[in-house]
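The values are calculated or read from the model by the stated rules, or taken from the named source; none is laboratory data. All values derive from a computational prediction rather than experimental measurement. Here the Cβ positions follow ideal geometry from the backbone for every residue, glycine too, while neighbour counts run over all protein chains shown.
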There are 2 protein chains.
Amino acid sequence: MPKAKDDKKIEAIFGATLKLVLKDGFSGLRMSDVAKEARIATGTLYIYFRDKHELINELYLSLKKKSIDSYVDPADMNLPIKKAFDTVWKKYFLNTLQNPEETAFIEQYYRSPFLKVKVKEEAYQLLTPIYQLLERGKKEQLIKHVDNDLLIAQISGPIAEIVRMHQAGGLRVNDSIMKDALQLAWDSVKK
Amino acid sequence: MPKAKDDKKIEAIFGATLKLVLKDGFSGLRMSDVAKEARIATGTLYIYFRDKHELINELYLSLKKKSIDSYVDPADMNLPIKKAFDTVWKKYFLNTLQNPEETAFIEQYYRSPFLKVKVKEEAYQLLTPIYQLLERGKKEQLIKHVDNDLLIAQISGPIAEIVRMHQAGGLRVNDSIMKDALQLAWDSVKK
DNA sequence: AATTTAAATGAATATTTGTTCATTTAAAAG
DNA sequence: CTTTTAAATGAACAAATATTCATTTAAATT
């Protein structure tokens, strides 16, 4: 047998791609730079990924799955509504804050010529438990009877914006800011 | 005298650039395609803009100014707080909804290697009246005493997200959705 | 130890794409 | 009507960058 493909190499390639996207944006992503950053030869990239499109789509899927895993825990969904809301909100906030590269990558992916609708929809399936939680909140008269996507937008939108400001250096996030942000979010969706 | 530079041509170039960015994302923007879309020769582009960087930065500035002009009207700032909030919110919402290309362009600009910090800061100066309005709301005990940027994030974040969903086809915006969204936003920031 | 197989290499190649420039066109002035 | 001037053209050029491939390397099997 020959030497086997290395899983750690895939991680290195993903990591390198992420780092470069954060630094220079999506438009500046070069395969040769990815290879150099991952400490492999350019040609090796093409052993692991057919081409740039496949690399980018695979990375998107990997990031999206990891991200959703970090804040969608089926166990949380049975907590009392407010408790569940706080828990998921905090996990989502911290994940977004601590993985800004992933968020930046995902945002840019949506606007890029690399996006494959099927790949995107595959990832969104994983959000079902969140929608179910909102439905339960409405039944228990704790959450406003408005469109679920509107509620989602109201919760995720500000978090994205806050993290963007934090990254740009305009707003320094700390416990106090986080507490305020959670309060604003809950006041918004609560009945 | 020779034939004069054509202002309409600049508009055509800006329009073409916007359209292509909306279609293929920032990474896919090609100068030759911009020229074709604007129905001019490639070389003509370089009479109006030194290079791709200048084209993109000039377009950003033009879009940002037009956008801010559409929702920051000094006259609105003297209305009673809730009235001013509703007015500015609606203008901002409609502007974002009706000019998704501009929003898409601006978002991608921030993550691109084309961004010039000075150009970005120049545009942000124009938001001062909004911050002043929030300060007055706090003094009058109508708006929560939390960080202004947090309030801004809470208002602009969901709008960006809603329009993104609308564009992607997931959420259809209508008067009822808009009314709900405004209510959610106000409940969030009101004292 | 010899052999086999696939990973790994990175220089070479192919392609894409930003920019230039010799030439043409059209508007205004004399 | 001729001359002048700058816009407009688009093929040619230059640079950047994705991909390939002949060759080497290392792991596993015999």
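Assorted remarks:
- The one condition in (1) surrounded by fewer than 19 Cβ atoms within 10 Å (Cβ to Cβ); (2) hydrophobic (A, V, I, L, M, F, W, C); (3) farther than 27 Å from B:GLN154 by Cβ that B:LEU59 fails to fulfil: (1)
- Residue in segment B:182-191 that is touching an Asp or Glu at 6+ places or on another chain (Cβ under 9 Å), closer than 23 Å to B:ILE106 by Cβ and within 8 Å of chain A (Cβ to nearest Cβ) present: no
- Any hit, segment A:71-94, residues being within 16 Å of DNA strand C (Cβ to nearest atom) and not assigned by TED's automatic domain parsing to the domain that holds A:LYS3: no
Conditions tested, residue by residue: (1) modelled with pLDDT of 95 or more; (2) closer than 30 Å to A:LEU20 by Cβ.
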{"position": "A:SER70", "(1), (2)": "yes, yes"}
{"position": "A:ASP73", "(1), (2)": "yes, no"}
{"position": "A:PRO80", "(1), (2)": "yes, no"}
{"position": "A:THR87", "(1), (2)": "yes, no"}
{"position": "A:ASN95", "(1), (2)": "yes, yes"}
{"position": "A:ARG111", "(1), (2)": "no, yes"}
{"position": "A:GLN125", "(1), (2)": "no, yes"}
{"position": "A:ARG136", "(1), (2)": "yes, no"}
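- Some residue of segment B:117-128 being β-branched (Val, Ile, Thr), out of contact with any helix residue (DSSP H, G or I) (no Cβ under 7 Å at 6 or more places or on another chain) and within 13 Å of another protein chain (Cβ to nearest Cβ): yes
- Hits in segment A:145-167 - residues which are polar (S, T, N, Q) and modelled with pLDDT under 95: A:GLN167
- Residue check, B:ASP86 surrounded by 14 or more Cβ atoms within 10 Å (Cβ to Cβ) and farther than 25 Å from A:PHE105 by Cα: yes
- With respect to the conditions (1) surrounded by 16 or more Cβ atoms within 10 Å (Cβ to Cβ); (2) closer than 26 Å to B:TYR110 by Cα; (3) more than 11 Å from every other protein chain (Cβ to nearest Cβ), A:GLU107 falls short on a single one, namely (3).
- Per the conditions (1) over 23 Å from B:PHE105 (Cα atoms); (2) over 14 Å from the mean Cα position of the chain (by Cα); (3) surrounded by 15 or more Cβ atoms within 10 Å (Cβ to Cβ); (4) touching a residue at least 60 places away in the same chain (Cβ under 8 Å), the sole criterion not satisfied by A:SER112 is (1).
- One residue stands out in segment B:1-33 among those that are more than 12 Å from DNA strand D (Cβ to nearest atom) and hydrophobic (A, V, I, L, M, F, W, C): the one that is farthest from the other protein chains (Cβ to nearest Cβ), namely B:PHE14.
- So A:LYS64, is it within 12 Å of DNA strand C (Cβ to nearest atom), surrounded by 14 or more Cβ atoms within 10 Å (Cβ to Cβ) and in a helix (DSSP H, G or I): no
- Taking every residue in segment B:34-52 that is within 14 Å of another protein chain (Cβ to nearest Cβ) and pairing it with any residue that is among the hydrophobic types (A, V, I, L, M, F, W, C) and more than 8 Å from DNA strand C (Cβ to nearest atom), at least 6 positions away or on another chain, the pairs with Cβ-Cβ distances below 8 Å are B:LYS52/B:PHE114.
- Inside segment B:8-44, residues that are near DNA strand C (Cβ under 10 Å from one of its atoms) and in a helix (DSSP H, G or I) make up a count of 9.
- Scanning segment A:42-66 for residues that are assigned by TED's automatic domain parsing to the domain that holds A:LEU22 and among the small types (Gly, Ala, Ser) yields a count of 1.
- Residue in segment B:90-108 that is over 15 Å from the mean Cα position of the chain (by Cα) and free of Cβ contacts under 8 Å to residues at least 24 places away in the same chain present: no
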